[in-house]
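Before I ask anything, here is the structure I am working with.
The values are calculated or read from the model by the stated rules, or taken from the named source; none is laboratory data. Fair warning: this is a prediction, and the values are worked out from it, not measured in the lab. All Cβ positions, glycine included, derive from the backbone under ideal geometry; neighbour counts span all protein chains shown.
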């Protein structure tokens, strides 16, 4: 078996372990993979659609803000979860890295696979909810996986860079947690960018995460294809992130293995 096939086999095994271990100690086990998305949808439908829909400036559709919020939060959660789980992956899996010959750049893919399983389950319930309330799902939805895959690729690259640096600078994880909190509120996940001062709204257009969140809102809420410039920019950000992570890990891989 070639090294690449061996590494991919290990990635799939780790993905399975990641999903199983996540709820191993819970009485309902893997059922939580279904319970949590349903609870998430129900919470936003029953609470936010009633009390916060005026944020969109309309009372015509009681579910409009819910759709806006869920679309943004699901996308943000995928990005934030990937970053926060990939960053400590090398230190967390040090015992496995010492035992098996796995490509360190490919190994964190098991986190992406696990997070995408959860994301896809939640999106399936979200789509079902939209069908039940009569909210249209058009052909533009075919672009949704493209946007989220590009965002995931960007998070993957950034996560590997931070995960590599984390072994040399232990404060990286703590700084990341703070930055993610600020980034959440600096991104229009729960509000419209139009409510901000012009300079702040304009500044958001330089954020790759904004490009992804805005693209998802265009697709899900406003039934439009995202602006081509945002998709092109996401491709560039994802490519640059992956290239930087490959380069840095290649430069520091031997020192990284020594520290583990």
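Residue-by-condition table, conditions (1) crowded, with 20+ Cβ neighbours inside 10 Å; (2) within 28 Å of residue 247 (Cα to Cα):
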{"site": "154", "(1), (2)": "yes, yes"}
{"site": "159", "(1), (2)": "yes, yes"}
{"site": "163", "(1), (2)": "yes, yes"}
{"site": "173", "(1), (2)": "no, yes"}
{"site": "184", "(1), (2)": "no, no"}
{"site": "193", "(1), (2)": "no, no"}
{"site": "197", "(1), (2)": "no, no"}
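Something else now. I want to confirm something. Restricting to region 166-191 and keeping residues that are assigned to a helix (DSSP H, G or I) and in contact (Cβ under 8 Å) with a residue 12 or more places away in the chain, which single residue is farthest from residue 202 (Cα to Cα)? Please lay out each step first, then the result.
Of all residues in region 166-191, those assigned to a helix (DSSP H, G or I) come to 166, 172-185.
From the residues that got through so far, the ones that are in contact (Cβ under 8 Å) with a residue 12 or more places away in the chain too are 166, 172-173, 176-177, 180, 183-184.
Working: 166: 33, 172: 29, 173: 29, 176: 24, 177: 25, 180: 20, 183: 16, 184: 17 Å.
Ranking the qualifying residues of region 166-191, first place goes to 166.
For (1) under 16 Å from the mean Cα position of the chain (by Cα); (2) closer than 14 Å to residue 87 by Cβ, each residue gets a yes or a no:
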position: 117; (1), (2): yes, no
position: 133; (1), (2): no, no
position: 149; (1), (2): yes, no
position: 170; (1), (2): no, yes
position: 188; (1), (2): yes, no
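Does residue 79 fit the bill of being modelled with pLDDT under 90 and either surrounded by fewer than 22 Cβ atoms within 10 Å (Cβ to Cβ) or outside any loop (DSSP other than H, G, I, E, B) (or both)? Step through it out loud before you land on a result.
Details: modelled with pLDDT under 90: no; either surrounded by fewer than 22 Cβ atoms within 10 Å (Cβ to Cβ) or outside any loop (DSSP other than H, G, I, E, B) (or both): yes.
So residue 79 does not fit the description; no.
For region 44-67, check the following and say yes or no: at least one residue is out of contact with any strand residue (DSSP E or B) (no Cβ under 8 Å at 6 or more places or on another chain) and modelled with pLDDT of 85 or more. Reasoning before the result, please.
Narrowing region 44-67 to residues out of contact with any strand residue (DSSP E or B) (no Cβ under 8 Å at 6 or more places or on another chain): 44-67.
Now drop any that are not modelled with pLDDT of 85 or more, which leaves 67.
So far as region 44-67 goes, yes, one or more of its residues are out of contact with any strand residue (DSSP E or B) (no Cβ under 8 Å at 6 or more places or on another chain) and modelled with pLDDT of 85 or more.
Read through the list (1) at pLDDT 90 or above; (2) assigned to a helix (DSSP H, G or I); (3) over 27 Å from residue 220 (Cα atoms), then give the number of the only condition that residue 95 fails.
(1)
Kindly indicate whether any position in region 98-117 is more than 28 Å from residue 250 (Cα to Cα) and either surrounded by fewer than 19 Cβ atoms within 10 Å (Cβ to Cβ) or without any contact (Cβ under 8 Å) to a residue 40 or more places away in the chain (or both).
Filtering region 98-117 down to residues more than 28 Å from residue 250 (Cα to Cα) leaves 117.
Applying the additional criterion that residues be either surrounded by fewer than 19 Cβ atoms within 10 Å (Cβ to Cβ) or without any contact (Cβ under 8 Å) to a residue 40 or more places away in the chain (or both) yields 117.
Checked against the condition, which is being more than 28 Å from residue 250 (Cα to Cα) and either surrounded by fewer than 19 Cβ atoms within 10 Å (Cβ to Cβ) or without any contact (Cβ under 8 Å) to a residue 40 or more places away in the chain (or both), region 98-117 yields at least one hit.
Please go through (1) at pLDDT 90 or above; (2) assigned to a helix (DSSP H, G or I); (3) surrounded by fewer than 19 Cβ atoms within 10 Å (Cβ to Cβ) for residue 121 and return the number of the only condition it doesn't satisfy.
Checking residue 121 against (1) at pLDDT 90 or above; (2) assigned to a helix (DSSP H, G or I); (3) surrounded by fewer than 19 Cβ atoms within 10 Å (Cβ to Cβ), the one that fails is (1).
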